[in-house]
Amino acid sequence: METAKTTFKEKANKALGISPEDALISKSYLIVSFTALLLGGLLGLLQGLNRAGLLELPSWFNYYQVLTAHGILLILVFTAFFTIGYFYAVLSHCLGGLLPKVRKMAWIGFGMKIFGFVLAVIPIIMNEATVMFTFYPPMAASPIFYFGLVFIVLGVWMLAFGAFLQVANWRKNNKGQHVPILAYFATGVFVLLFFGSIPVTIEVLMIIPWALGWVETINVMLARTLFWAFGHTLVNIWYLVAVSAWYVVVPKIIGGRRFSDTLTRVVIMLLVVMNIPGGFHHQIVDPGIAESVKYLHVFMSLAIGFPSLMTAYAMFSVFEKTARKKGGTGIFSWFKKLPWGDVRFLAPMIAMIAFIPGGAGGIVQSMNQLNQVVHNTMWVVGHFHITLGTSAVLTFFGICYWLVPYISGRVLTPKMNKLGVIQTIFWTVGMIFMSGSMHWVGLLGSPRRTSYTTYSDNATALSWDPYLMFLAIGGTLLMIGVIIQVYAVFNMMFFAPKGETEFPIAKAEDDAVKTPYWTERWGMIIVVMLLLVAMGYVIPIVEFIVNAPPGSPPFKTW
Amino acid sequence: MKMHLDEKIWLILSFGLIMGFMLITGYQTFVLGMGPPSHMETIDPQKVDETAPFDNPGITQIGENEYEVVMTLAVFSFNPSNIEIPAGATVHFTLTSKDVIHGIQVAGTNINAMVTPGHIQKITQKFDKPGEYLVLCNEYCGTGHQFMATTITVK
């Protein structure tokens, strides 16, 4: 009976697309996500204009408040809600609909996250939490801000457990089979979200009693280290979300087949196991960490580059194969056979191209001596905007043009496709201006997270101004891009013509080798991950606890 | 797993590239002594003013054209400020923070280090070219962060 039921449900799903209850979950997450993009983008524009000296922000909503809110809205709300909305649609589509229990967990998680964000945003607006999204102690925000963070994390855990339950249930009913590839990506992402958020939870639990005044001092370096164990994991979660579309969706859109299934799963596993210790390279110029430990971490950070280089090969191989099948010739002229006019291809393709300079910049930052040149300068902001802002986000945008119609039971019209292409162009040009000038001015020494200043008309600082002007131009183009994108998402969700949209999942090659089953052993993968985390963190954390200086009292410096 | 020759070459190149970066970084760090600022000493962040050498911040000549600068960072200034040194001088900076996390960066040089409360940070630089160097805080430290700057004048 049970199997008969599932097949009936699967058939029903196939006929009707996603079930309305599951669609509502994804739609709600995407609505929050793109509302956050609109607000966060607007704050970003204000910042860019201020930094170029074109706009003075009022004292009741100063640059650092704007920057804190911009960061939280975009790196925590926009990306996280998008990721969850997308992967819950994936789980529903690939695993035969969400279980009622999982659906309930998704809504509880949604409620907790929203409640957490409201709690966190109130003190930011009241200028009680202008500590930046990195919230480094001993700067202490209002305890309410940290309570908000706790609820956000609890919400994330609820969603991660929901995803694990869903996958476990599928595996129970499909013994011996491989989890469908996109659900495999989802598993990797939720594993990282769960384990990556543990260190930041410990940090926040250290901070709360101290911010409340129950404990007098805090271990600054320990808190900072725990923050980055989470911070860089978040970065690679965005990357893994984007990569899922590159490996699985893009080949289907261009009419090709997937690259090796085994390699895809190996790349996911590598990114999951190596990720958390990678965060240490944010502390290359910190005191209190021995050079030998830092060297180990340079290795751990650089190692993450390896699966990325494998991905680069896989993607171009798929492009070439597909284009040649369509009659493409020559060393490079087959490029013309790719569907450049299709936004579902164009946006992720530009995202991938942006990852070439983005990844190279990442390698620069993970090495000792080069990091010392660019650490905490505008270069880092440029790097962040080319990797997160272009490679990840432009892929997210590309996903929208089929995901939103799919969950809404509507279609992508040629007109909307054209608007999407225009949006992609605005985004690309905007990022070239903004990220390009940020990289350059950073090399010249301009610091990050600093409002407009000429340092009393210092000649060096004045020489940065022309580049900052390009930053403002880029920021303005990006804001136009944000408006178009948000319009496109809401239009496709509520106003586009009704119809059926396919969930584009490419098939493996016909002559593909069978994927070995060890790729399915998540228990083993998690053990390896924890071993690597221990390798990376046991020595420095013990050092910070055993040889701790007297702690720091809280400071409010804003 | 079936693999094409070009794929193998690519994987070997990728792996070689990363190992090459590691070797270069290791050589620079451990052979040339160009490691990142990683001083290990600690200090009570609430008693900086009473603890040597920070009870007496300033510039001391310690050798032929070699100087030590003992400096405290606190919102929103560097102490001492407006440092003057002769061209060709090697300067050893000894730094700590009296309050929140700061970053010291000297535009146009490789001086770039985090200065966290509770730890003493050290960094050395030779100033060959005369001119005025901008010293600034590059970690957000509060609303006056953008004012936290001074200069080093090399004559």
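Taking the conditions exactly as written (more than 30 Å from A:ILE124 (Cα to Cα) and under 12 Å from the mean Cα position of the chain (by Cα)), does B:ASN138 satisfy them or not? It would help to see each step written out before you state the result.
Working: more than 30 Å from A:ILE124 (Cα to Cα): no; under 12 Å from the mean Cα position of the chain (by Cα): yes.
Here the answer is no, as B:ASN138 does not meet what is asked.
Is segment A:232-251 home to any residue that is open to solvent by 10 Å² or more (accessible area, probe 1.4 Å) and within 14 Å of chain B (Cβ to nearest Cβ)?
no
Considering segment B:20-62 alone, what residues qualify as being hydroxyl-bearing (Ser, Thr, Tyr), facing chain A (nearest Cβ under 7 Å) and in a loop (DSSP other than H, G, I, E, B)?
Hit for segment B:20-62 is B:SER38, nothing else.
Under the condition of being over 30 Å from A:ALA508 (Cα atoms) and among the polar types (S, T, N, Q), which residue from segment A:265-321 is farthest from the other protein chains (Cβ to nearest Cβ)?
Only one residue tops the list, namely A:SER301.
Within segment A:325-339, count every residue that is in contact with a helix residue (DSSP H, G or I) (Cβ under 6 Å, 6 or more places away or on another chain) and either modelled with pLDDT of 95 or more or not in a loop (DSSP other than H, G, I, E, B) (or both).
Result for segment A:325-339: 2.
Only one of (1) open to solvent by 40 Å² or more (accessible area, probe 1.4 Å); (2) facing chain A (nearest Cβ under 10 Å); (3) free of Cβ contacts under 8 Å to residues at least 60 places away in the same chain is not met by B:ASP99, so which one is it?
The one condition B:ASP99 does not meet is (1).
Go through segment B:112-155 residue by residue and tally those that are free of Cβ contacts under 8 Å to residues at least 12 places away in the same chain and either in a strand (DSSP E or B) or open to solvent by 30 Å² or more (accessible area, probe 1.4 Å) (or both).
Number of matching residues: 1.
Can you confirm whether segment A:255-263 contains a residue that is buried (at least 23 other Cβ atoms within 10 Å of the Cβ), more than 8 Å from every other protein chain (Cβ to nearest Cβ) and assigned to a helix (DSSP H, G or I)?
Scanning segment A:255-263, I find no residue that is buried (at least 23 other Cβ atoms within 10 Å of the Cβ), more than 8 Å from every other protein chain (Cβ to nearest Cβ) and assigned to a helix (DSSP H, G or I), so the answer is no.
Can you pull out the residues in segment A:98-130 that are surrounded by 19 or more Cβ atoms within 10 Å (Cβ to Cβ), touching a residue at least 60 places away in the same chain (Cβ under 8 Å) and more than 14 Å from A:LEU24 (Cβ to Cβ)?
Selection gives A:MET105, A:ALA129, A:THR130.
Which residue, of A:PHE145, A:PHE61, A:PHE133, is of a type outside the set (Gly, Ala, Ser) and either crowded, with 24+ Cβ neighbours inside 10 Å or modelled with pLDDT of 95 or more (or both)?
Details: A:PHE61 fails: either crowded, with 24+ Cβ neighbours inside 10 Å or modelled with pLDDT of 95 or more (or both); A:PHE133 fails: either crowded, with 24+ Cβ neighbours inside 10 Å or modelled with pLDDT of 95 or more (or both).
Answer to the selection: A:PHE145.
Looking only at residues in segment B:102-128 that are more than 9 Å from chain A (Cβ to nearest Cβ) and touching a strand residue (DSSP E or B) at 6+ places or on another chain (Cβ under 7 Å), which one is farthest from A:MET221 (Cα to Cα)?
Among those residues, the one meeting the criterion is B:PHE127.
Are any residues in segment A:386-430 touching a Leu at 6+ places or on another chain (Cβ under 7 Å) and open to solvent by less than 10 Å² (accessible area, probe 1.4 Å), and if so, which ones?
Passing the criteria: A:TYR401, A:TRP402, A:VAL404, A:PRO405, A:THR424, A:GLY430.
So A:SER456 fits all but one of (1) in a helix (DSSP H, G or I); (2) surrounded by fewer than 21 Cβ atoms within 10 Å (Cβ to Cβ); (3) within 14 Å of chain B (Cβ to nearest Cβ); (4) not acidic (Asp, Glu); what number is the exception?
Going through the list (1) in a helix (DSSP H, G or I); (2) surrounded by fewer than 21 Cβ atoms within 10 Å (Cβ to Cβ); (3) within 14 Å of chain B (Cβ to nearest Cβ); (4) not acidic (Asp, Glu), A:SER456 breaks only (1).
Could you tell me which numbered condition B:ASN79 fails, if it satisfies all but one of (1) within 12 Å of chain A (Cβ to nearest Cβ); (2) surrounded by fewer than 19 Cβ atoms within 10 Å (Cβ to Cβ); (3) within 20 Å of the chain's Cα centre (by Cα); (4) not β-branched (Val, Ile, Thr)?
(1)
Within segment A:431-446, which residues are touching a His at 6+ places or on another chain (Cβ under 9 Å) and open to solvent by less than 30 Å² (accessible area, probe 1.4 Å)?
Across segment A:431-446, the qualifying residues are A:MET431, A:MET434, A:SER435, A:MET438, A:GLY442.
The values are calculated or read from the model by the stated rules, or taken from the named source; none is laboratory data. In this text the structure is predicted, and so the values were computed from the model without any measurement. Using ideal geometry, Cβ is built from the backbone for each residue, glycine included, and neighbour counts are taken over all protein chains shown. Heavy atoms of the whole protein, side chains included, go into the accessibility calculation; ligands, DNA and RNA do not. Shrake-Rupley method; radii C 1.70, N 1.55, O 1.52, S 1.80 Å.
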